[in-house]
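These notes concern the structure reproduced below.
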Amino acid sequence: MAWLILLLAPEFTNVAAQEGLEGPPAGRAVFVDIKGTGDLTVVLNRRDWMVRSGKPARYRQGRGLPTVPDLVLFADFDNDGDQDCFTAWHTEPTNPKWVDHGQKNTIFLNEGGKWRAVENPFPRTSVHAACALDYDRDGILDLYVGSGYVIYGNLLSHPDRLYRGLGGGKFEDVTESVGLLTVPEVGRSDSSKPTYGVTHGDFDGDGWQDLWVCTYGRQWNFLWRNVDGKSFKNVAPGSGFEGDSDRSGAYPKWLKERWKKRFGSERPDEPPFRSNGNTFDCAIADFDNDGDMDCILAEITHEWAGSSSDVTSLLINLGDGKFKRVPDAFRRTRTTKGPWNQGDIHCGWLDYDNDGLLDAVIASSDYPDRQELKIYRQRPDHTFDDVRFVNWEGAGQISFGDYDKDGDLDILVGRSVNRLPREKRIELGRSVGLFRNDVGHKNRWLQVVCRGSGGKGGSNRDGIGARITVTQVDGTKQTREIRGGLGHAGHNGPYVAHFGLGKDEKPVCVTVRWPNASRTLMFLKTVASNQRLVLEEQPRPK
């Protein structure tokens, strides 16, 4: 069957200008429910805050953070019902060329819209990714921080760090005691590697949140299995998550010839540990509705790197500790003739048409061969339609949320123009895109918010780590998990589980596995569709 390429996705309309969002530069953008009310704030490059207000509701500029960091991760670190944040920087204190402007990786607590910094044992290392999770299910959020190179271009990297939450925005470093400390030696599966994306999810269904770590420099990824809430084990080797099966490290013939002509020497192939991906993002979801967590790995890939450099792929969880890699699921192949790049830095899942099947989104940028925002609609057989290009070249960070409260997910996207010619950068500009979903609300839907009690023995207030299953009358089951960080540079969205239900108007059954010490189950047998359902965890008896 011939593939049909659609040049435009008519299901979405860019309403950034009419919503008041056009103007401020925004390589990175995120929807945040700051107060937990369902009213979404748009944060652009982490300092310009656009708050939806007025009648008719439009976005206006509001007060942001007192700093402009490289990464901000929003979560309720003190369990008081509003969103706090972790800010981090790409710092290289050991690099003689680095200029120290006093950047510090910091927790800011939200105190009525004012931000108070909390002192913590965070080293000044280059940070590209972080996620908030409750790895020990004690009801207080913890923080995993992915570190980059000691000096960019050198293979040696800082180790990632896990900080256990103590409450009140305070943390302690438990990296070594839980088995996560990596070694300062390159080429090993347990080497410290540059982490460019990180998220968490229950990979094996045992109720503990595992760490899915994306590394740069074509090195092996980590998949840290949470054994018992006290220790982690890297199960990436042999799972398919660490990289694809091509470990040849072979550069293409034309590159070797050009290298020899220019430098007068042979260009050696790479060893196996350098034959994998430049992995930036990991979007986890049960896309095929079989009850376990699958993922998309978003990669930067270049023609010159050869066949052993991984392309963006779908990884299907086989339920036995392994994944099946499908590298052509989203047409991210090496068949393009001539010099090419695939700058897939962000990816995600959303059921944009609310038909009950999650669709894939890939945001590509930073290279001159037309990198765009792409949507792949899932078919009933769990394959994907050909790409629908949303009209947005240089797609930066993406965030999904129902900003207009009509029951479908809209797309917020930044714009990144790195490496583009000056004329092209001027043409595109740097304003954010807000793509209103114009079709999803025509089907039925359900949004579920899980609010933990935040007390001893209970769940964290954001419900991060909760697993929600919706069962329809015909037996169809959909499973979602609430995640506190989705990949590169604080990529995230509101802490809401969104379900598309198609045309089914009958009530559904909702099951929640709370992320508390006892993994408490909550059952709701007859839940009406087309509503935002807020579930409060009942505090445990003292």
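The values are calculated or read from the model by the stated rules, or taken from the named source; none is laboratory data. This one's a predicted model, so the numbers in the text were calculated from it and none came from an experiment. Note that each Cβ is placed from the backbone with ideal geometry, even for glycine, and that neighbours are counted across all protein chains shown. Heavy atoms of the whole protein, side chains included, go into the accessibility calculation; ligands, DNA and RNA do not. Shrake-Rupley method; radii C 1.70, N 1.55, O 1.52, S 1.80 Å.
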Cβ pairs under 7 Å, 6+ apart, first in the stretch 406-418 and assigned to a strand (DSSP E or B), second surrounded by 24 or more Cβ atoms within 10 Å (Cβ to Cβ) and among the hydroxyl-bearing types (Ser, Thr, Tyr) | 410/403; 412/399
Any pair with Cβ under 7 angstrom, 6 or more apart, that starts in the stretch 216-238 at a residue that is under 17 Å from residue 158 (Cα atoms) and ends at one that is among the small types (Gly, Ala, Ser) and open to solvent by 40 Å² or more (accessible area, probe 1.4 Å) = 220/189
Which one of these is at pLDDT 80 or above, surrounded by 18 or more Cβ atoms within 10 Å (Cβ to Cβ) and more than 19 Å from the chain's Cα centre (by Cα): 16, 29?
-> 16
Out of (1) touching a strand residue (DSSP E or B) at 6+ places or on another chain (Cβ under 9 Å); (2) assigned to a loop (DSSP other than H, G, I, E, B), the odd one out for residue 308 is which?
-> (1)
Exception for residue 98 within (1) touching a residue at least 24 places away in the same chain (Cβ under 8 Å); (2) open to solvent by 30 Å² or more (accessible area, probe 1.4 Å); (3) among the aromatic types (Phe, Trp, Tyr); (4) not in a strand (DSSP E or B) falls at (1)
Matching option when the condition is free of Cβ contacts under 8 Å to residues at least 40 places away in the same chain, open to solvent by less than 30 Å² (accessible area, probe 1.4 Å) and not polar (S, T, N, Q), among 393, 427, 423 = 393
For residue 502, the lone unmet condition from (1) touching a Cys at 6+ places or on another chain (Cβ under 8 Å); (2) open to solvent by less than 20 Å² (accessible area, probe 1.4 Å) is (1)
Scanning the stretch 110-140 for residues that are part of a strand (DSSP E or B) and β-branched (Val, Ile, Thr), which turns out nearest to residue 79 (Cα to Cα)?
-> 118
If you scan the stretch 440-467, which residues turn out to be open to solvent by 20 Å² or more (accessible area, probe 1.4 Å) and either in a strand (DSSP E or B) or of a type in the set (Lys, Arg) (or both)?
-> 442, 444, 445, 451, 456, 461, 467
Those residues of the stretch 404-413 which are in contact with a strand residue (DSSP E or B) (Cβ under 7 Å, 6 or more places away or on another chain) and either at pLDDT below 95 or surrounded by fewer than 22 Cβ atoms within 10 Å (Cβ to Cβ) (or both) amount to 404
Taking the options 475, 457, name whichever one is over 18 Å from residue 282 (Cβ atoms) and touching a Lys or Arg at 6+ places or on another chain (Cβ under 6 Å).
-> 457
Which ones in the stretch 353-377 are surrounded by 22 or more Cβ atoms within 10 Å (Cβ to Cβ), touching a residue at least 40 places away in the same chain (Cβ under 8 Å) and not in a loop (DSSP other than H, G, I, E, B)?
-> 360, 361, 362, 363, 373, 374, 375
Among strands (runs of 3 or more DSSP E) entirely within the stretch 488-542, at least 1 residues that are in contact with an Asp or Glu (Cβ under 7 Å, 6 or more places away or on another chain) occur in 497-502
Could we say that residue 175 is among the hydroxyl-bearing types (Ser, Thr, Tyr) and assigned to a strand (DSSP E or B) here?
-> no
Quick one: count up the residues across the stretch 53-83 that are of a type in the set (A, V, I, L, M) and either without any contact (Cβ under 8 Å) to a residue 12 or more places away in the chain or surrounded by fewer than 18 Cβ atoms within 10 Å (Cβ to Cβ) (or both).
-> 3
Of residues in the stretch 312-337 being in a loop (DSSP other than H, G, I, E, B) and without any contact (Cβ under 8 Å) to a residue 24 or more places away in the chain, the one surrounded by the most Cβ atoms within 10 Å (Cβ to Cβ) | 318
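Tell me whether the stretch 56-66 contains one or more residues that are part of a loop (DSSP other than H, G, I, E, B) and at positive phi.
No.
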Can residue 86 be described as open to solvent by less than 20 Å² (accessible area, probe 1.4 Å), at pLDDT 90 or above and not in a loop (DSSP other than H, G, I, E, B)?
-> yes
Please name all residue pairs, on different chains or six or more residues apart, with Cβ atoms under 6 Å, provided the first residue is in the stretch 161-182 and is touching a residue at least 40 places away in the same chain (Cβ under 8 Å) and under 16 Å from residue 77 (Cβ atoms) and the second residue is open to solvent by 30 Å² or more (accessible area, probe 1.4 Å) and among the acidic types (Asp, Glu).
-> 163/173; 168/78; 169/78
Give just the number: which of (1) open to solvent by 20 Å² or more (accessible area, probe 1.4 Å); (2) under 20 Å from residue 289 (Cα atoms) does residue 470 not satisfy?
-> (1)
Tell me, yes or no, whether the stretch 274-281 has at least one residue that is among the hydrophobic types (A, V, I, L, M, F, W, C) and either surrounded by fewer than 21 Cβ atoms within 10 Å (Cβ to Cβ) or part of a strand (DSSP E or B) (or both).
-> yes
What are the residue pairs meeting all of these: first residue in the stretch 249-260, first residue more than 21 Å from residue 277 (Cα to Cα), second residue open to solvent by 60 Å² or more (accessible area, probe 1.4 Å), Cβ atoms under 7 Å, and 6 or more apart or on different chains?
-> 260/266
